[in-house]
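Here is the structure we will look at, set down as structure tokens.
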Amino acid sequence: MYSMGNKQWRKTENDSFVKTESYLRKKIKSDFGKVRLNLCLVGHTGAGKSAFINSIVSISKGHISDVSSVKTEDIGGVGTMKLLRIQGNTTDLLNQVYVFDTMGFTLAKSPEDNGITDKDLKAVLEGEVEINHKFSSVGSERTGYHNRQENKPHCVIIVVSAEALQLHDDSVLTRKMRNLHRFIPSDVSRIVVITCCDKISESVHQNVNEIYKSKKIYSIVQKATKTFGTPENMVFPIVNYYKELSLNPEKNVPILYALLFALTFAADRQELRTQT
């Protein structure tokens with residue numbers, strides 16, 4: 001619950017971001033290094049999905065990395081045109097985690113410029129799409145899907161920019177974001193990652209470690225819970241790496257918390273699937 005004053009509205013494991021980062025790294029490494037888990041990113045164009053992938057891979061490898069831009073095709077501003085799968089090396093933090101990137105959906109009202117189609121999105125989340133499947137943005141009825149259960153997500157990460165969440169509740173984007181839920185299967189968990197938090201909060205822009213103290217960030221987290229119907233503890237505000245030359249605990253901690261909970265929920269769903 002939010003507290004007035006300079007207190008954090010979300011408590012971290014330790015008052016020190018350095019110690020909290022160390023704890024999160026150790027927990028992720030120890031808890032999720034043996035079983036394959038699939039995370040799938042969905043969201044609007046410009047939300048920062050590729051930047052989020054680069055950020056988590058950078059943290060995983062321990063240095064700034066650029067894996068998404070070299071593996072995506074940017075055409076007409078739509079972004080990712082193929083289903084991409086990124087896997088870490090055995091020495092990385094995410095050595096058993098597969099991250100899937102998808103085409104974003106747009107603000108456009110016309111079907112010709114909608115970004116990913118409902119059919120493609122549903123097929124990805126059902127595990128019916130092969131890696132490098134070309135997405136369509138024209139709304140055509142596509143065929144050729146196959147059962148690829150090894151690619152079915154265990155957790156969907158809905159990526160949305162803080163700026164987009166500030167839009168009117170009846171905006172095209174807000175309606176499309178709310179519509180995401182009907183495509184996520186019941187055996188797939190979900191979290192929400194809010195990017196670009198430094199764009200709406202001056203205190204966070206000046207110092208990322210203010211992210212859990214900012215009233216503006218907390219209000220946008222509450223907006224996300226209403227928009228997506230997710231509990232507050234499944235919504236994670238972050239600031240991606242996009243201009244830094246080195247990693248720092250202040251940015252790592254919010255990203256690692258999002259990653260930890262995505263993996264925790266993914267592991268729960270993976271375990272349930274093995275029992276059925």
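Observations, loosely collected:
- Selection count, the stretch 30-68, where residues are of a type in the set (D, E, K, R), under 14 Å from residue 263 (Cα atoms) and at pLDDT below 90: 2
- When the criteria are applied in full, residue 172 meets the requirement of being surrounded by fewer than 19 Cβ atoms within 10 Å (Cβ to Cβ), touching a residue at least 12 places away in the same chain (Cβ under 8 Å) and not charged (D, E, K, R).
- Matching entry among 165, 256 (being more than 20 Å from residue 42 (Cβ to Cβ) and touching a residue at least 24 places away in the same chain (Cβ under 8 Å)): 256
- Test: residue in the stretch 130-146 that is at pLDDT 85 or above, among the charged types (D, E, K, R) and under 21 Å from the mean Cα position of the chain (by Cα): no
- All positions within the stretch 176-201 that are touching a residue at least 24 places away in the same chain (Cβ under 8 Å), open to solvent by 20 Å² or more (accessible area, probe 1.4 Å) and polar (S, T, N, Q): none
- The set of residues in the stretch 202-248 being under 23 Å from residue 19 (Cβ atoms), open to solvent by 40 Å² or more (accessible area, probe 1.4 Å) and under 17 Å from the mean Cα position of the chain (by Cα) consists of 233 alone.
- Apart from one condition, residue 251 fits all of (1) over 30 Å from residue 30 (Cα atoms); (2) open to solvent by less than 30 Å² (accessible area, probe 1.4 Å); (3) among the basic types (Lys, Arg); the exception is (1).
- Pair list, Cβ under 7 Å, 6 or more apart: the stretch 5-33 residue among the acidic types (Asp, Glu), other residue surrounded by fewer than 18 Cβ atoms within 10 Å (Cβ to Cβ): 13/23; 21/249
- Residues located in the stretch 35-51, provided they are closer than 15 Å to residue 268 by Cβ and either among the basic types (Lys, Arg) or open to solvent by less than 20 Å² (accessible area, probe 1.4 Å) (or both): 36, 37, 38, 39
- Failed criterion for residue 163 (all others in (1) modelled with pLDDT of 90 or more; (2) under 24 Å from residue 85 (Cα atoms); (3) open to solvent by 10 Å² or more (accessible area, probe 1.4 Å); (4) within 17 Å of the chain's Cα centre (by Cα) hold): (2)
- Restricting 221, 204 to those that are touching a Cys at 6+ places or on another chain (Cβ under 7 Å) and assigned to a helix (DSSP H, G or I) reduces the list to 204.
The values are calculated or read from the model by the stated rules, or taken from the named source; none is laboratory data. The structure presented is a predicted model; accordingly, all values stated were derived computationally and were not measured. Neighbour counts are summed over all protein chains in view; Cβ atoms, including those assigned to glycine, are modelled from backbone coordinates with ideal geometry. Keep in mind that these areas ignore ligands, DNA and RNA; they rest on the heavy atoms of the full protein, side chains included. Shrake-Rupley method; radii C 1.70, N 1.55, O 1.52, S 1.80 Å.
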